[in-house]
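First the structure, in the form of structure tokens, and then the observations on it.
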Amino acid sequence: MRIPDPASCHVFPETGKMSDGTGRYEKRLSDLAGLYADSAAFAALLAAGDRVVYDVTEFRPSERPGDLIFGVTRMSPGRVGDEFFLTRGHIHAKSDRPEIYYGQKGTGLMQLEAPDGDTRVVEIRPQTICYVPPYWIHRSINTGEEDLVMVFSYPADSGQDYGIIERSGGMRQRVVAAPDGWALVDNAAYVPRDPEVVRELTRSPA
Ligand code: NI
């Protein structure tokens, strides 16, 4: 077989862009409808303009098991009510696949939730590497006043299940602004996953 060619990409922390990617996508405020507790604040913000909230430039060489996808994500600062701008969040479709995030600019959080509801938060600033272990639902949040820019990499066959958070009425806890930065509060709409679903999501690969 013909083996793949090496490649290099350059990361621009100031703009959150990356050269020589194979693809790019962006998410607007309207793509994030339903994620925030304060729906009136969301509607008011959306009425002021359907702005880009985050964008991703990626290098996707293939989707072969054992290959790697990597890229850069840039997320705008902002709030909807007392919640910071956040990504939709997901678990990997192959749930045992991990991920790495590497802070480049700004300050933020990785909010992680195990299938059984266990919650962890990792603070990310420039030069912080965040390890997202297999089986954890993950979402990034910009808690700062400037863009949050991170490099990421994950196994090419991971896939993403974006519905897992919605099916539980959101993540078990919400990150809200607090006098000293941020705080976790319980999400009243959260519905715990059925034990059988948890077992299925966390079973060892064959
Ligand atoms: Ni991921």
**OP:** Return a yes/no flag: does region 161-168 have any residue that is under 18 Å from the mean Cα position of the chain (by Cα), in a loop (DSSP other than H, G, I, E, B) and of a type in the set (Ser, Thr, Tyr).
**Re:** yes
Original post:
In region 120-158, what count of residues is obtained for those that are buried (at least 19 other Cβ atoms within 10 Å of the Cβ) and among the polar types (S, T, N, Q)?
Top reply: 4
**OP:** Say whether the condition of being under 15 Å from the mean Cα position of the chain (by Cα), in a loop (DSSP other than H, G, I, E, B) and over 24 Å from Asp157 (Cβ atoms) is met by at least one residue in region 18-35.
**Re:** yes
Subject >> Members of region 142-166 that are out of contact with any strand residue (DSSP E or B) (no Cβ under 6 Å at 6 or more places or on another chain), more than 13 Å from the ligand (Cβ to nearest atom) and either more than 20 Å from Glu83 (Cα to Cα) or of a type in the set (A, V, I, L, M) (or both) >> reply: Gly163
Subject >> Hey, Tyr135 touching a residue at least 40 places away in the same chain (Cβ under 8 Å), at positive phi and touching a Pro at 6+ places or on another chain (Cβ under 8 Å) or not >> reply: yes
Original post:
Taking region 33-68 on its own, how many of its residues are exposed (fewer than 12 other Cβ atoms within 10 Å of the Cβ) and touching a strand residue (DSSP E or B) at 6+ places or on another chain (Cβ under 8 Å)?
Top reply: 2
**OP:** Please tell me if Gly23 is surrounded by fewer than 14 Cβ atoms within 10 Å (Cβ to Cβ) and touching a helix residue (DSSP H, G or I) at 6+ places or on another chain (Cβ under 9 Å).
**Re:** no
Subject >> Filtered residues of region 75-114 (kept if away from the ligand (no atom under 16 Å from the Cβ), touching a residue at least 60 places away in the same chain (Cβ under 8 Å) and surrounded by 22 or more Cβ atoms within 10 Å (Cβ to Cβ)) >> reply: Phe84, Gln104
Original post:
Out of (1) more than 14 Å from the chain's Cα centre (by Cα); (2) at positive phi, the odd one out for Glu14 is which?
Top reply: (2)
Subject >> Failed item, numbered, when Gly117 is tested on (1) within 25 Å of Arg193 (Cβ to Cβ); (2) crowded, with 18+ Cβ neighbours inside 10 Å; (3) away from the ligand (no atom under 16 Å from the Cβ); (4) of a type in the set (Gly, Ala, Ser) >> reply: (2)
Original post:
Which members of region 1-30 meet the condition of being closer than 29 Å to Ser168 by Cα and at pLDDT below 95?
Top reply: none
**OP:** Collect the residues in region 149-172 that are under 15 Å from Trp136 (Cβ atoms) and among the basic types (Lys, Arg), keeping them in residue-number order.
**Re:** Arg172
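The values are calculated or read from the model by the stated rules, or taken from the named source; none is laboratory data. Just so it is clear, the model here is predicted, and its values are computed rather than measured. Positions of Cβ are backbone-derived with ideal geometry, glycine not excepted, and every protein chain shown enters the neighbour counts.
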